[in-house]
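Asker: Okay, here's the structure, questions in a sec.
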Amino acid sequence: MSKLGAVSAEIQEFIDTKLSSKFWRLNNLYTIKDKDGKERILKLNHSQTKVLQKFRHNKKIILKSRQQGISTLYLAYNLDECIFTPGYEAGIQSYGQKEADKLVDRAELMWDRFPKEILAMISLSIQKNNSTGMFFSNGSVLKIGNFRGDTLQSLHVSELAKIVKKSPEKAKELKTGAFQAVSVKNKITIESTAEGASGLFYDIWTRAERLQRAGIKLSPLDFEAIFLPWYDDPDCNLYHEQTVGESQQKYFSTLESEIGIKLENSQKWWYVAKEDELGEDMKREYPSTPEEAFLQSIEGAYYGKEYKKLVIKENLYDSNLKVHHSFDLGMNDTFTIGLFQIHPDGKPKIIGEFGDNGNGLEYYRDILTAIANKYGFTYGQTYVPHDIKVKELIAGKTRWDALRELGFDTVLVKKHKIMDGIEATREFLREVEIDPSCNMILSSIQNYRKKYDDRYKVFLDAPVHDEYSHYADMIRYMAMGCKYSPITDIYVQSSYNKSNSFGIDIVGYDV
């Protein structure tokens, strides 16, 4: 807090007993608008208090149900640091311009309604307030937006999972820019509802939760996992009796038994009413467990049921087994590659992915060779679509010919109707295990969906062509290949030269 000159005994007592306490300041000095649009002084709720007082690690990742007030908490928290700590630089990132504008409005409300007598006491004013941030006379600054090149003492990221889904480039910028702008000993807080079991938020959460389960002491670079379920939120009560169905009663009983809680009738009634409103989105928006949070149903998704039960595991690679490929060969479109192994029990395990566009086949050969050199892979066979033999790469040569000349041991996938391939893929997904690093494969399984006819309000048995469809096609070829042309040569031979994946030597690659 800013140093003060000589003050009266009464003011000194106020400073010592109240103003010096951050918890008191957050409960008494900052004005917000409540859900009814009325201005009131912020009083920290159960979840806000829990996050602030129970969890002390500087880097936190918070998986939450809706409307827990965490973004409001950290907006007030960082503004408070700027007001009472000279030279403090804090940043807040939201998932869209509309949401960022709301944060700016809320920060300005907190500042405009801040007690003027306290500002006079600490001799603080605002020097500049524009799109780049709020700049204070004590040298502090609160920024909402882009932080590359800045050095921050605190960064809060609101709804990271939505940022990942809506704007992958912004998520990448956060990871390589804003996160790096915060020194090892300073604060990063990430909070979000879940948007499926893939992406940057899911990756950070998974690692944090794994460290927590193992009881490993966190380093300054590690994130502390904090889960805020709906039943911990006092607002999740309804004092109006609802009919609790048999399946819902069974769900509540299982929840109470597995987690060791006792749900009040008012909580059950609230859940029943809210589930009736949200349907399949209930567990994502108001999860009881982290596992529920990452379940997502995409309307019209071909593999919605399979995605919910999909086995996602780390460390699937077995150095005793060959690594095979499945290709979706875009001509002027995305070229996608899935890397997988077949285990002795016949179960496939997908261990990697790659996608790009606008390059020749030699480029993808070189990329795969570089990957083999880096990770010690021994390549086996490559599933390719049936029409590869009829589409010409150049006059007189098909892509089948070109791939064979480049050293690929290609296997032609049986010609099939798309819907037959989708059904085979459903069977395949019930057997396969996938490494969580395969973000686009997981997202595509989750998001590959039917076209929707706005005029008749029905889904059509034809897939949407988007960024997910390329990877979904590649997975379909993998599924059809494994079903009708199963790979039996699965083991690495001891005499194999790992630096010579396609009968050529590539030197200097690092991917």
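Asker: Inspect region 275-290 for any residue being among the aromatic types (Phe, Trp, Tyr), closer than 26 Å to LYS162 by Cα and either open to solvent by 50 Å² or more (accessible area, probe 1.4 Å) or in contact (Cβ under 8 Å) with a residue 12 or more places away in the chain (or both) and give the result as yes or no.
Answerer: yes
Asker: Can you go through LYS457, LYS451 and tell me which one is out of contact with any helix residue (DSSP H, G or I) (no Cβ under 7 Å at 6 or more places or on another chain), modelled with pLDDT under 95 and at negative phi?
Answerer: Going through LYS457, LYS451 in turn, the sole match is LYS451.
Asker: Also: May I ask you to say which residue of THR132, THR151, THR176, THR193 is in contact (Cβ under 8 Å) with a residue 60 or more places away in the chain, open to solvent by 40 Å² or more (accessible area, probe 1.4 Å) and among the β-branched types (Val, Ile, Thr)?
Answerer: Checking each option against the conditions leaves just THR151.
Asker: Moving to a separate point now. Condition first: among the hydroxyl-bearing types (Ser, Thr, Tyr) and either open to solvent by 20 Å² or more (accessible area, probe 1.4 Å) or over 17 Å from TYR471 (Cβ atoms) (or both). Now tell me which residues in region 328-381 satisfy that.
Answerer: Those that are among the hydroxyl-bearing types (Ser, Thr, Tyr) and either open to solvent by 20 Å² or more (accessible area, probe 1.4 Å) or over 17 Å from TYR471 (Cβ atoms) (or both): THR334, TYR363, THR369, TYR375, THR378, TYR379.
Asker: I'd like to check something: does region 27-44 contain any residue that is within 21 Å of the chain's Cα centre (by Cα) and of a type in the set (Gly, Ala, Ser)?
Answerer: Scanning region 27-44, I find no residue that is within 21 Å of the chain's Cα centre (by Cα) and of a type in the set (Gly, Ala, Ser), so the answer is no.
Asker: Would you be able to say whether some residue in region 199-215 is part of a loop (DSSP other than H, G, I, E, B), in contact with a Leu (Cβ under 9 Å, 6 or more places away or on another chain), buried (at least 21 other Cβ atoms within 10 Å of the Cβ) and not acidic (Asp, Glu)?
Answerer: Yes, the conditions are met somewhere in region 199-215.
Asker: When the residues of region 382-425 are narrowed to those that are open to solvent by 70 Å² or more (accessible area, probe 1.4 Å) and β-branched (Val, Ile, Thr), which ends up modelled with the lowest pLDDT?
Answerer: ILE394
Asker: Inside region 371-414, can you point out the residues that are in a helix (DSSP H, G or I) and over 19 Å from VAL492 (Cβ atoms)?
Answerer: Selection gives HIS386, ASP387, ILE388, LYS389, ARG399, TRP400, ASP401, ALA402, LEU403, ARG404, GLU405.
Asker: Would you be able to say whether some residue in region 434-444 is assigned to a strand (DSSP E or B), in contact with a strand residue (DSSP E or B) (Cβ under 8 Å, 6 or more places away or on another chain), in contact (Cβ under 8 Å) with a residue 60 or more places away in the chain and open to solvent by 30 Å² or more (accessible area, probe 1.4 Å)?
Answerer: no
Asker: So how many residues does region 250-268 have that are over 31 Å from the mean Cα position of the chain (by Cα) and either in a helix (DSSP H, G or I) or under 25 Å from ALA194 (Cβ atoms) (or both)?
Answerer: So the count comes out to 2.
The values are calculated or read from the model by the stated rules, or taken from the named source; none is laboratory data. Since the model is a prediction, treat every value here as computed from it, not as a measurement. Reconstructed Cβ throughout: ideal geometry from the backbone, glycine too, with neighbour counts over all protein chains shown. Only protein heavy atoms, including side chains, enter the accessible area calculation; ligands, DNA and RNA are left aside. Shrake-Rupley method; radii C 1.70, N 1.55, O 1.52, S 1.80 Å.
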